[in-house]
Each structure stands twice: as C-alpha cells, then as structure tokens.
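Computed from the coordinates by the stated procedures, all read-outs in this text should not be read as laboratory data. Computed from a prediction, not measured in an experiment: that's the story for all the values here. As a convention, Cβ positions derive from the backbone with ideal geometry for all residues, glycine included, and neighbour counts pool all protein chains shown.
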Amino acid sequence: MAIEIKVLQRGDENILMNVAAEVFDNPIDAELTREFLEDHRHHIAVAIDDGVVVGFASGVHYIHPDKPPELWINEVGIAPTHRRRGLGKAVLSALFEVGRAQKCTVAWVLTDRSNVAAMALYSSVGGSEGAGGLSNAMLGYSFALTHEMRAPRC
C-alpha cells in the first residue's frame with residue numbers, strides 16, 4: 001500500500017490518535033488536537049502508512065499590517081523507520097500548497113545548525129539560507145511560494 005499524504009482538517013482528529021514512535025516530541029493530546037484542527041490558521045500535513053501517521057509537517061499562516069501572508073513552518077517529524085524515503089519533502093510540499101492557497105508569498109523555518117538532516121531537507125525543497133536566528137546556533141530558511149517559484153516535488 002502506498003503512503004498517503006494528507007492535509008488534516010477539522011474532523012480528522014482520529015487520524016492523529018495512531019502515530020508511530022518518535023514522530024512527535026510528546027504524546028498526542030486529544031483536546032489539543034481538536035483545538036489545533038479547529039483553528040483555520042494552523043495546518044498539518046501527515047504521511048500515513050497503513051493507517052499509522054509516520055510523518056508530519058506543521059505550520060501557521062499569519063498576516064501583519066505591513067506584509068503579505070506568510071507561512072511559518074513549526075516542525076517536521078518523520079518516524080525513524082520511514083526516514084530517507086522522501087516523506088519530509090512530501091509533507092513540506094503539501095504544506096507549501098496550503099500556504100499558496102492562503103495567498104502566502106513565502107514560507108520560513110528555523111533550525112539548529114547542528115541538525116544536518118533538517119538543513120539537507122530544507123535545501124532539497126528549494127529553501128534559501130537566511131540569517132541566523134537569535135543566536136549563532138540557529139539558521140533560517142525561506143521558501144518562495146509564488147507560482148513562478150514553486151518548491152520541487154519529491
């Protein structure tokens with residue numbers, strides 16, 4: 001069976017009740033899941049293998065009085081059993097499509113400079129390295145979401 005990539009919506013809470021080990025940092029909380037999915041600015045794309053969530057990318061689209069909408073990538077997680085299969089690219093690409101649908105012009109993410117796998121992932125989907133975060137330990141990546149500069153598909 002092929003791995004399904006799905007952007008979760010309100011009503012999909014049960015999907016997150018069956019998650020592989022080490023995908024999320026903490027156990028899934030049903031109430032927080034409901035609240036997350038009910039907030040139209042929060043987004044999560046998941047990779048599902050035989051009914052089990054084996055990966056995800058989450059983000060928030062936001063607006064500001066002097067800037068067009070942007071998509072902040074909060075987190076990407078892939079089960080150790082499913083790494084190096086293109087699932088990180090797939091869930092990020094799905095999240096980028098959500099950003100485009102919300103008229104976001106750019107997506108961005110911060111990562112630790114020590115997270116070599118994350119840096120490779122963000123570069124592989126067209127991320128441009130930006131300035132460091134609050135310290136030299138952090139590195140930012142931005143992704144153009146305009147239709148002229150689409151992130152590559154896996």
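Considering (1) surrounded by 12 or more Cβ atoms within 10 Å (Cβ to Cβ); (2) not in a loop (DSSP other than H, G, I, E, B), the lone condition that Asn14 does not fulfil carries the number (1).
Screening the candidates Ala90, Ala47, Ala57 for the property of being within 17 Å of the chain's Cα centre (by Cα) and either loosely packed, with under 12 Cβ neighbours inside 10 Å or assigned to a helix (DSSP H, G or I) (or both) yields one hit, Ala90.
State whether the residues of the range 23-39 include one that is within 20 Å of Ala101 (Cβ to Cβ) and part of a loop (DSSP other than H, G, I, E, B). Write out each step before concluding.
Kept after step one, since they are within 20 Å of Ala101 (Cβ to Cβ), are these residues of the range 23-39: 36-39.
Of the ones still in play, those that are also part of a loop (DSSP other than H, G, I, E, B) are 39.
Looking for residues that are within 20 Å of Ala101 (Cβ to Cβ) and part of a loop (DSSP other than H, G, I, E, B), one finds at least one in the range 23-39, hence yes.
Which residue out of Lys103, Lys67 is of a type in the set (Lys, Arg) and on the phi > 0 side of the Ramachandran plot? If you could, list the steps in order and put the result at the bottom.
On the way: Lys67 fails: on the phi > 0 side of the Ramachandran plot.
Every option except Lys103 fails the conditions.
For every residue, the table says whether it meets (1) hydroxyl-bearing (Ser, Thr, Tyr); (2) without any contact (Cβ under 8 Å) to a residue 24 or more places away in the chain; (3) out of contact with any helix residue (DSSP H, G or I) (no Cβ under 8 Å at 6 or more places or on another chain).
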position	(1), (2), (3)
Asp12	no, no, no
Met17	no, yes, no
Asn26	no, yes, yes
Gly59	no, no, no
